[in-house]
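Step one of this worksheet: look at the structure below.
Read-outs: derived from the displayed coordinates by stated rules, not from any lab. Small disclaimer: the values here were computed from a predicted structure and weren't measured. Cβ placement follows ideal geometry from the backbone for every residue including glycine, while neighbour counts extend to all protein chains displayed.
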Amino acid sequence: MSDTRIHPYSGPAGGWGSARSLARHVTGRETPTLEGVRQLQRQNKVDGFACVSCSWAKPAEPHAAEFCENGAKATMWELDTGRADADFFARHTVTELATWADYDLEAQGRLVEPLRFDAASDRYVPVSWSEAFELIGRELRALEPERVVFYASGRASLETSYMYALLARLYGNNNLPDSSNMCHESTSVGLPRSIGVPVGTVLLEDFEHCDCILSFGQNVGVNSPRMLHPLQDAARRGADIITFNPLYERGWERFTNPQEPLAMATGASTRISNAYFPVRAGGDLAVMHGIAKALFALDDAAQADPSRERVLDVDFIANHTNGFDAFEQAVRAIDWRDIEREAGLSRADIEGVAAVYAQAKASILIYGMGLTQHRYGVDNVRMICNLALMRGNIGRPGAGICPVRGHSNVQGQRTVGISEKPELVPLDRLEAQYGFSAPRNKGLDTVGTVEGVIDGSVHAFIGLGGNFVRAAPETEQLEAHWKHLALTVQVATKLNRSHLVCGRTALLLPCLGRIERDVQRSGEQCVTVEDSTTCIHASFGTSEPASDQLLSEPAIVAGIARAWKPDDTRVPWQAWVDDYALVRDAIEATYPDQFRDFNARLHTPGGFPRPIGARERRWETPSGKAEFHVPGRLCATGFEDAEGRFRLLTVRSNDQFNTTVYGYRDRFRGIEGTRRVVLMHEDDIAEAGLTAGEQIALVADAEDGVERAVGGLRVVPYRVPRGCIAAYYPECNPLVPVAHHAVDSHVPAAKSVPVRISRRTDAPVPAGPSPD
Ligand SMILES: Nc1nc2c(c(=O)[nH]1)N[C@H]1C(S)=C(S)[C@@H](COP(=O)(O)OP(=O)(O)OC[C@H]3O[C@@H](n4cnc5c(=O)[nH]c(N)nc54)[C@H](O)[C@@H]3O)O[C@H]1N2
Ligand SMILES: Nc1nc2c(c(=O)[nH]1)N[C@H]1C(S)=C(S)[C@@H](COP(=O)(O)OP(=O)(O)OC[C@H]3O[C@@H](n4cnc5c(=O)[nH]c(N)nc54)[C@H](O)[C@@H]3O)O[C@H]1N2
Ligand SMILES: [Mo]
């Protein structure tokens, strides 16, 4: 392709760049322009739909346009006028489609009728819904329950998710991995151990009261752009915002609010971070230990001078926490030289951050995949908690921990029972409610599923959305073994790679998207989602469905359940499909404290918050206190540095939602026309004897005898710490060994994958425009 362009981007996040990028999507082929624009006005409004992109909080008083560039792209993508219909599938074999790029697959448009894979013709062919359900029911009855996996991507509503989890348990397993297993599971494991809750503690209003924000490993301008509004307000109030990220991500640098005409006209932008530190990938543990160490030193100095206030919140530590002494000893014993080396930052810089944090009255600590997707991602999360606990920054206005979640209802799915961990689900209550004995053994998570497919112990996979094969690690082996599955069922809106690796019986079931009108027997339905700040919102779709053959996700889950056990009366599946309010009543019965008066409170502007113990300084840990934790290490990668070994961080472009590639314009990073790049420090390029623009391969540096390589990547000089390189997800997933995952949480360690650079030319090259 000749239109590859690689050049630095100097604009802010937001601003005209986002307006132009959006205009392209509003006018693109895939877009029903008027309908798209009409729907955008309903996005994230009280009587509208909850955006299908990220899970950032939806304010009680929304902006006139409460959406961002990427939320708008997601809306347009779902309201696509293109159709991947029976004709399309008649024209292309599955083998051919499997060579297409992610972009080209989804760009065909919406899936519009149920399909079955026909091995003889190597094609997807239409099938009726009743036949599809019957096929699935027959297979499920024949399979051993332990061998079947029920995956969920984090978009499905609370109603669907509750039904789906119940189906898996009635069927007989807790094999309920979800996208969270590749994402914030380090949060779900780390936070309960430290502060007794699996979710963040801040509410949107806390941003109005904080005077300091520390952010680690999150890309706000791309992945949660609406969050730039509270950040901009905080910055304008004079709050200190300090960012740690190996890459200079534009959203944390500066922002022009597209909703402010004057700023748009003058090009004025607000600086977001007043200090930005390019930490080494995996170096945050060192940074946070350094901040803690500096806080101890500042506190020592304050103690020596009676006129000064203590830096540590000693009352809070005494009354609310456990394990402080061991933590203090461990931190004081660490040598600054080790901290500087591992962080790749200077002591003076880290002390400067500590001084700001020490003076702040209320601080928010934000983080994302840059902390969770590491071998020691759980330690990262718990170290964030340590910093908050030292200064009592939990459970008071303007302060708290803010993990920025991914999919628009990924947090909510966990809340209503999608979990492979039976101890996190009120099984006794489910048993009483539905008269069955729930399986008690631990189910498979994402890593367990990948391993199980490869070793043959998993026989069937049902996917409620998502693109598991593409999103998971160990791509090549996974795909090779996937074909041996007895049954694969994919519930989806658009065609993706996972649909093209078929089990012996393979079904592709098209569903309504959240923006579409969902009419059932009792009338128009709404669904609910939980945002990053634990607020629950109703979502009403009003757009005309892409096809009259689409079923809603609740109807598909119920259809599978009833086909598996036609005479079962334990669950009123049909009544639930007829009226989703009845599912909400059932959710409330299972979780009475979390979902009190669920149906009545749906319409609360800004959503209604679930009760979160840590917010009230109630610590639901075994000790009844918040726990300090000693990680015992300064580096989160889990591997040693070695000559020629790089830490590969896999990143998202500004033109994608996970494996959904909207286009080839990563505006903020100045990379256009291709995704086949590897971003490298210029000294590393020189030292490796490479030249900018050259195409190379990356090979995984794992000593398990498995060969993993990705080729055809163009070397791009980039501002990234030495020894770290960045490249796109999902193209680089073949490089991630399944065993390279976070301890305890099993999140694939996608932000520090050990790789080497190779000149071999036989490595598989990702589909999509080449960088020549
Ligand atoms: N438009 C859009 N929105 C999205 C998504 C999308 O793909 N597109 N995905 C959604 C989902 S499911 C999720 S989980 C979230 C993901 O949102 P994020 O949490 O922002 O995830 P990433 O973009 O993978 O990477 C986060 C950042 O971590 C940095 N980083 C990498 N390694 C390290 C490290 O060791 N330390 C530090 N401090 N930083 C590091 C990277 O440079 C990057 O800026 O966004 C959600 N929202
Ligand atoms: N190397 C590397 N790997 C990663 C990551 C990384 O940063 N680096 N990030 C990880 C993270 S954070 C996540 S969350 C996972 C994402 O993993 P997944 O959630 O499995 O993947 P998505 O790309 O979000 O799924 C996209 C597909 O969802 C379907 N879809 C869209 N809307 C709907 C809907 O309303 N209903 C249904 N049923 N289907 C729908 C469409 O068919 C679309 O093709 O990837 C993980 N993998
Ligand atoms: Mo995610």
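Points to keep in mind about this one:
- Estimated vicinal HN-Hα couplings, Hz - region 237-245 in sequence order (Karplus 6.51, -1.76, 1.60; Gly, Pro = x): 6, x, 5, 7, 10, 10, 10, 10, 6
- Extended-chain gain in nm, criterion 0.36 nm per residue less alpha-carbon gap, residue 706 and residue 642: 21.1 nm
- Normalised contact order of region 185-404, rounded percent, pairs of Cα under 8 Å and 6 or more residues apart: 32
- Panel values: the chain, Kirkwood radius from alpha carbon pairs, Stokes-Einstein at 20 °C and 1.002 mPa s, translational diffusion coefficient 81 µm²/s.
- Over all Cα atoms in region 542-690, the spread is summed up by Rg and Dmax: 25.6, 69 Å.
- For the pair residue 630 and residue 118, the difference between a 0.36 nm per residue extended length and the Cα-Cα distance amounts to 178.8 nm.
- In sequence order, calculated HN-Hα J values of region 405-410 (Karplus, 6.51, -1.76, 1.60; Hz; x Gly/Pro): 6, x, 3, 5, 9, 5
- Considering only alpha-carbon pairs that sit under 8 angstrom and 6 or more positions apart, the relative contact order computed for region 599-711 is 9 percent.
- Region 185-404: radius of gyration over Cα atoms, expressed as a fraction of 2.2 N^0.38 Å: 0.99
- Positive-end extreme of charge dipole, the chain - chosen from 245, 580, 711 (charges on Cβ): 245
- Here the label points at residue 314 and residue 547, each 7 Å from Cα along the C-beta direction, are separated by 7.0 nm in the simple model.
- For region 646-758, the fraction of alpha-carbon pairs lying more than 22 Å apart is 31 percent, rounded to a whole number.
- Label point of residue 264 set 7 angstrom out along Cα-Cβ; within region 45-69, amide nitrogens under 18 Å from it belong to 62-69.
- With both labels modelled 7 Å from their Cα along Cα-to-Cβ, the residue 760 to residue 433 distance reads 5.2 nm.
- Peptides 303-311, 39-47 ordered by average Cβ neighbours within 10 Å, highest first: 39-47, 303-311
- Sequence-separation-based contact order of the chain, relative, with Cα cut under 8 Å and 6+ spacing, percent: 22
- Per residue, the chain reaches -9500 deg cm²/dmol at 222 nm when only DSSP H runs of four or more residues are counted, each adding -39500 (n - 2.57).
- Largest first, the three principal axis extents of the alpha carbons in region 404-455 are 35, 33, 15 Å in whole numbers.
- Beta bridges by DSSP in the chain, antiparallel share as percent, to the nearest 5: 40
- Counting only DSSP beta bridges with both residues in region 185-404, the antiparallel share comes to about 10 percent.
- Projected label distance in nm at residue 60 and residue 87, using a 7 Å step from Cα toward the beta-carbon: 5.1
- Calculated FRET value between residue 455 and residue 574, using beta carbons and R₀ = 41 Å, to 0.05: 0.60
- Backbone geometry of region 592-606 corresponds, through the Karplus equation with coefficients 6.51, -1.76 and 1.60 at θ = phi - 60°, to 3J(HN,Hα) couplings of x, 6, 6, 10, 3, 6, 3, 5, 7, 9, 3, 9, 4, x, x Hz, x marking Gly and Pro.
- Antiparallel DSSP beta bridges within region 646-758, as percent of all bridges there, nearest 5: 65
- Euclidean distance between Cα centres, region 458-529 to region 56-78, Å: 25
- Taking the centroid of alpha carbons for each part, region 533-585 and region 217-235 are 34 Å apart.
- Out-of-range pairs (alpha-carbon distance over 28 Å; input 442/483; 73/483; 45/565; 45/494): 73/483; 45/565
- Note on residue 604 and residue 581: with the Förster distance fixed at 22 Å, the Cβ-Cβ geometry gives a FRET efficiency of about 0.90.
- For the peptides 277-283, 763-769, 652-658, residues were scored by their other Cβ atoms within 10 Å and the scores averaged per peptide; the highest-first order is 277-283, 652-658, 763-769.
- Computed with the Debye formula from one identical point scatterer per Cα of region 459-528, without solvent, the log10 of I(q)/I(0) at q = 0.16, 0.18, 0.19, 0.25 Å⁻¹ comes to -0.61, -0.70, -0.75, -1.07.
- With viscosity 0.890 mPa s and temperature 25 °C, the Kirkwood radius over alpha carbon pairs of region 591-639 converts through Stokes-Einstein to a diffusion coefficient of 169 µm²/s.
- Using a Förster distance of 35 Å, the FRET efficiency for residue 304-residue 744 (Cβ separation, nearest 0.05): 0.30
- A straight chain from residue 519 to residue 620 at 0.36 nm per residue would run longer than the Cα-Cα distance by 32.3 nm.
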